[in-house]
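Single-structure report; data block below.
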Amino acid sequence: MCWPNSNGARATVATITLTRISKSFGATRVLNDIDLDIQAGEFLTLVGPSGCGKSTLLRILAGLEEPNTGEVRIDGRTVNAVRAADRNLAMVFQSYALYPHLTVAENMMTPLRLRDLSWRERLPVAGPLLARAKHKSLRAQVEETARILEIEPLLQRKPGQLSGGQRQRVALGRAMVRKPVAFLMDEPLSNLDAALRVHMRSELAELHSDLGTTFVYVTHDQAEALTMSTRMAVMMDGDILQLDSPQAIYENPSDIRVAQFIGSPKINILPGDVDSDGRISVAGMTLARRVSAANRGAISVGLRPENLKLAKGSSAETIEGTLVYRENLGSDLYLHLAIGENIGRLIVRAAPHEASGLNVGDQVFVERLRGEAIFFGADGKRVGAAGLKSNGADAARAVA
Amino acid sequence: MARSRAHVWFVAPAVTLMFVILILPILIAAVLSFTDYSLGNDGAQYVGLKNYERIFTRSTYEKMFIATFTYVGVVVPLSVGLGLGAALLINSLKRFGDLYKTIYFLPVMAALLAMAIVWEFALHPTIGIVNKTLATGCGTVLEHWAWYAQGCAKTFPLWLTDRNYAIWTVAFIGVWQGFGFNMVLYLAGLTSVPRELYQAAEMDGARTGWDRFRLVTWPMLGPTTVFVVTITCIRSFQVFDTVEAFYPQGGGPSKSVYVMMFAIYEKAIQQNLMGIGAAITVVFLGFVMFLTLMQRWLVERRVHYS
Amino acid sequence: MSDATATAAVRERSSDDQFVLRWSSREALKHAVLIVGALIVLLPFYVMLSYSFKSPSEIMTNTGGLIGLQEPFRDDYCVKLGNAAEDCMVTPVIYNYTTAFGKAPLLRYLFNGAVVTASIFFIQVLIALPCAYALAKLKWWGREFVFSMVLFCLLIPVHAIALPLYIMLSKLGLTNSYAALVIPWTISVFGIFLMRQFFMTVPDDLIDAARMDGMNEFAIIWKVMLPTAVPALLAFAIFSVVAHWNDYFWPRIVITGNRELFTPPLGLREFKGDADGDNFGPMMATATIIVTPLIVAFLIAQRRFIEGITLSGMK
């Protein structure tokens, strides 16, 4: 896939600014004063569980929904009063929303016809006669887009005759054909089968870098967000909890909910305790790292499965557990351990050769990689190491 | 597998009745249409195509076809159009939509014969509420309308007994009775249009209501429209209750409301001319079956999502 | 599923207020159009109900508002019977409704209507349900043929073949009987078709499980299929009852003269036949009584009714 940069028709790029957006449906508040700056040309993903408000935010941006308060600006211009049809944004819907009675070519032609032709030129028979050149150039644009998406052979078919993946491409084509200032995508891959979904991730990322246009992408699938985005915004209960690059969010979640939502398998959360000196004890061991004594009391300690490794035997630095399940993914193996004293489950990543001798029911010893533990206070917020600000991401990671 | 022969018991009564009540009568009608049979006279003469010849040459039957097709030609487009219009309006309302829906559906529920009698009463030239109401408009701006002025000067139309008005009045009652049914079908059709299609249309630049209607609503209602048109056609071909209530004899002023079902009733039941009645029946069945087959063909041709 | 769908219902409500404010003039115009339509639709119902309350003179002069003044008037027929004029003063509404029941055996008509519609519905179900089951769930030689026969018969409106049916019934000597009113409607191909479509959606496993439990095919129909088909049956019941309670054409043909067998529409027609000025009130009362049961039932169970009546549109 390659966008024709050669003719100089690179798509326009827009910055989008959302300021203090709030929205309620009846008594239900779905967005709480959201601020969001979308930079020109970036691939921004809004990710979060169902009902977090991400789709509503996208639809407010599109103009399909009105915010109760707040301002939407595209390239500095306030567009609250501008209807969706006039914002020059394109949207790919979860259900694709193709017009079932029109062929693929007609579907892709629709946004061009509605925008570029007068009502006279749109008349069924007289229209093409009146404005032959215009119609021809529109058809050429459709064919060009179809060529890029490799759907030329489908142009004369109707949506009902296409597979899910093909419909998805047509929906993309309909959005691309008129060179909008930004693409909005509402869970566009969720109706595809697993293999195609994975394939489309790379294709969409590639499309984004070819087009250079702003993409705003909504998904509940953290893997999609991690693989495609330039930046991602993790949303929950109507708030953006964290907005950063995928890497930063994965490594330095600012909130326990972010930590638990991003990453598969889930991060291990163990209950810990902070004493009056700021020392942290968890699962029977005391960590070298300390936090501010102000956090005295219960604390949650997050450990990603890949930051744990199997140990040969018991020591002061190990956690002991019973193997209850071997989750074999071929390249990796996730060992699910039951650890004592109501602490719960621990998932550990291991290479297949390391774990080959282990069977369900065996006692297993695990040690952690130093400094990779992440701490969260009772309110779920990130807790930094002693003497440092609680949200100082790098500082918190520093080996104590 | 030793499955019982139960199906014979399940199917036999239905098949027998289907044959005796639905198929056999068609054959009987077809055979009788070539005779001059009448009840009580056992000896029926074979008369060849004479009955059909009459139907297609005599002026009485010409009037029958004119009345029937005028009725169908008025009632079908109007009741489908009003049904669609009402459905679109009600669907776009923020509140009270259900109230209108209920009201418009009432005539569908009411016995048409009873309502025909009430209409006859309301349309009574002297004591009817319609002309009385019209008369109260005399002397107002409405008199600039020539028709109205004439009504005020002399009398307002006799509606049911004036040959220039009769068929239109009967057709109006047909529309009154039937459009609520179409409205409900269209409302059902409208709820099945995916909302995302309207949003896609908005994103694609459909700014006016007309754009959205052309791009989404009308095409998505295609199957509903085919069905609604067919069923309205068949129903209006079968109009009888109103005609018989207004004109027990003869089919209205100058036979201007002499519709086919009434013709069958008059010829066969009132006058015991079974041969000609059977021939009209056969022609009638031809129309109805043609219409239904057309509908099935159209529906099968335009399946959107598979 | 995205949260957009999850909150769609809520959104509906909230956007109301915005739009009412923004489009109030447009909304008002829509209401104006719909109200004019509603007035025209309701006009005959108003006439019917209102005149069933009024005295003859109020009807003739079109006065008295909605329900008349209810001033007693002299019943001439009563005077003619030799009673004193003072004894013959009647209140219009009472006069109209008592005359409706007294002048003709209206109760008998209503009873006939109920018997006929109920019998038709029960026989239709009795015949159609097993056939639909066999067509949907059993495999047998000739099934395709029988189903295409059903599809063909769907093309035939029973009213259209009234003439040969009438001849057949009169040859059998069955005209002027309940049988004549019921027999032509005993077979509802539409019912078969509808039930078959419905049964197609019932999983085979359910039937196989019933067979494993030792039920025979008859028991399966009445104990397994019938209960699952209740929603469809209910809709069909409404469809059938409305059609046959209101039917005028067929009773008109097969019932001649014998008042004992009149259905409500026939009774009303008869009433109209010998109506004079004084009888408009009672006639409207009769019409009201005939129309009321279905209208009231409709108003109570609107959704079900609309479902049932529009059933034919849902294939």
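The values are calculated or read from the model by the stated rules, or taken from the named source; none is laboratory data. All values derive from a computational prediction rather than experimental measurement. Every residue, glycine as well, gets a Cβ built from its backbone with ideal geometry; the counts of neighbours run over all protein chains shown.
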Legend entry - The one condition in (1) within 13 Å of another protein chain (Cβ to nearest Cβ); (2) farther than 18 Å from B:Phe262 by Cβ; (3) surrounded by 14 or more Cβ atoms within 10 Å (Cβ to Cβ) that B:Asn41 fails to fulfil: (3)
Inset, instruction - Determine which member of the set B:Phe121, B:Phe105 is in contact (Cβ under 8 Å) with a residue 12 or more places away in the chain and of a type in the set (Phe, Trp, Tyr). - result: B:Phe105
Inset, instruction - For C:Ile156, indicate whether it is at the interface with chain B (Cβ under 7 Å from one of its Cβ atoms), part of a loop (DSSP other than H, G, I, E, B) and either touching a residue at least 60 places away in the same chain (Cβ under 8 Å) or surrounded by fewer than 21 Cβ atoms within 10 Å (Cβ to Cβ) (or both). - result: yes
Inset, instruction - Could you please let me know if B:Asp98 is of a type in the set (Asp, Glu), over 23 Å from C:Tyr46 (Cβ atoms) and under 28 Å from the mean Cα position of the chain (by Cα)? - result: no
Inset, instruction - Could you list all residues from segment B:178-200 that are in contact with a Ser or Thr (Cβ under 8 Å, 6 or more places away or on another chain) and assigned to a helix (DSSP H, G or I)? - result: B:Gly178, B:Phe179, B:Phe181, B:Asn182, B:Val184, B:Leu185, B:Tyr186, B:Ala188, B:Gly189, B:Leu190, B:Glu196
Legend entry - Matching residues, segment B:230-271, being over 29 Å from B:Tyr37 (Cα atoms) and more than 12 Å from chain C (Cβ to nearest Cβ): B:Pro253
Legend entry - segment B:1-22, residues that are more than 7 Å from every other protein chain (Cβ to nearest Cβ) and modelled with pLDDT of 90 or more: B:Ala12, B:Thr16, B:Phe19, B:Val20
Inset, instruction - Hand me the list of helices (runs of 4 or more DSSP H) wholly inside segment C:187-279 holding 2 or more residues that are without any contact (Cβ under 8 Å) to a residue 24 or more places away in the chain. - result: C:204-212, C:230-246, C:264-273
Legend entry - Of all residues making up segment C:59-68, the number that are free of Cβ contacts under 8 Å to residues at least 60 places away in the same chain, surrounded by 13 or more Cβ atoms within 10 Å (Cβ to Cβ) and not polar (S, T, N, Q): 3
Inset, instruction - Spot the failing condition for C:Leu163; the list is (1) without any contact (Cβ under 8 Å) to a residue 12 or more places away in the chain; (2) outside any helix (DSSP H, G or I); (3) within 12 Å of another protein chain (Cβ to nearest Cβ), and only one is missed. - result: (2)
Legend entry - Condition met for A:Leu57 (away from chain B (no Cβ under 11 Å) and either outside any loop (DSSP other than H, G, I, E, B) or crowded, with 22+ Cβ neighbours inside 10 Å (or both)): yes
Inset, instruction - Being assigned to a helix (DSSP H, G or I), in contact with a Leu (Cβ under 8 Å, 6 or more places away or on another chain) and farther than 29 Å from B:Val47 by Cα narrows it down to one of B:Ala245, B:Ala268, so name that one. - result: B:Ala245
Legend entry - Hits in segment A:196-240 (condition: in a helix (DSSP H, G or I), closer than 19 Å to A:Ala175 by Cβ and of a type in the set (Ser, Thr, Tyr)): A:Ser202, A:Ser209
Inset, instruction - Kindly indicate whether A:Leu243 is assigned to a strand (DSSP E or B), within 21 Å of A:Val218 (Cβ to Cβ), touching a residue at least 24 places away in the same chain (Cβ under 8 Å) and not aromatic (Phe, Trp, Tyr). - result: yes
Inset, instruction - Quickly run through segment A:346-357 and pick out the residues that are at pLDDT below 85 and either touching a strand residue (DSSP E or B) at 6+ places or on another chain (Cβ under 8 Å) or surrounded by 13 or more Cβ atoms within 10 Å (Cβ to Cβ) (or both). - result: A:Glu354, A:Ala355
Inset, instruction - Kindly check whether there is at least one residue in segment C:206-227 that is surrounded by fewer than 17 Cβ atoms within 10 Å (Cβ to Cβ) and either among the β-branched types (Val, Ile, Thr) or within 16 Å of the chain's Cα centre (by Cα) (or both). - result: no
Legend entry - Filtered residue count, segment B:266-281, keeping only those that are surrounded by fewer than 20 Cβ atoms within 10 Å (Cβ to Cβ) and more than 18 Å from C:Val158 (Cα to Cα): 4
Legend entry - Single unsatisfied condition, A:Asp35 versus (1) at pLDDT 90 or above; (2) outside the structural domain of A:Val216 (by TED's automatic domain parsing): (2)
Inset, instruction - Answer with yes or no whether C:Leu174 is in the same structural domain as C:Glu307 (by TED's automatic domain parsing) and either under 22 Å from B:His7 (Cα atoms) or part of a helix (DSSP H, G or I) (or both). - result: no
Legend entry - Tally, over segment B:51-108, of residues that are more than 14 Å from chain C (Cβ to nearest Cβ), among the hydroxyl-bearing types (Ser, Thr, Tyr) and under 21 Å from B:Val175 (Cα atoms): 2
Legend entry - When residues of segment C:80-136 are limited to those that are more than 17 Å from the chain's Cα centre (by Cα) and among the polar types (S, T, N, Q), the one surrounded by the most Cβ atoms within 10 Å (Cβ to Cβ): C:Asn96
Inset, instruction - Spot the failing condition for B:Asp162; the list is (1) assigned to a loop (DSSP other than H, G, I, E, B); (2) in contact with a Gly (Cβ under 6 Å, 6 or more places away or on another chain); (3) not aromatic (Phe, Trp, Tyr), and only one is missed. - result: (2)
Inset, instruction - Select from segment C:200-239 the residues that are away from chain B (no Cβ under 14 Å) and either farther than 20 Å from C:Gln124 by Cα or among the small types (Gly, Ala, Ser) (or both) and list them in ascending order. - result: C:Thr201, C:Val202, C:Pro203, C:Asp205, C:Leu206, C:Ala209, C:Asp213, C:Ala229, C:Ala232, C:Ala237
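Quick grid of which residues meet (1) closer than 26 Å to A:Glu106 by Cα; (2) more than 14 Å from chain B (Cβ to nearest Cβ); (3) surrounded by fewer than 16 Cβ atoms within 10 Å (Cβ to Cβ):
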| site | (1), (2), (3) |
| --- | --- |
| A:Glu150 | yes, yes, yes |
| A:Leu155 | yes, yes, no |
| A:Lys158 | yes, no, no |
| A:Met176 | yes, no, no |
| A:Ala195 | no, yes, yes |
| A:Thr227 | no, yes, yes |
Inset, instruction - Would you check which residues across segment A:140-159 are assigned to a helix (DSSP H, G or I) and closer than 15 Å to A:Ala175 by Cα and list them? - result: A:Gln141, A:Val142, A:Glu143, A:Glu144, A:Thr145, A:Ala146, A:Arg147, A:Ile148, A:Leu149
Legend entry - Given (1) under 29 Å from A:Met232 (Cα atoms); (2) more than 9 Å from every other protein chain (Cβ to nearest Cβ); (3) assigned to a helix (DSSP H, G or I), number of the condition A:Ala85 does not satisfy: (2)
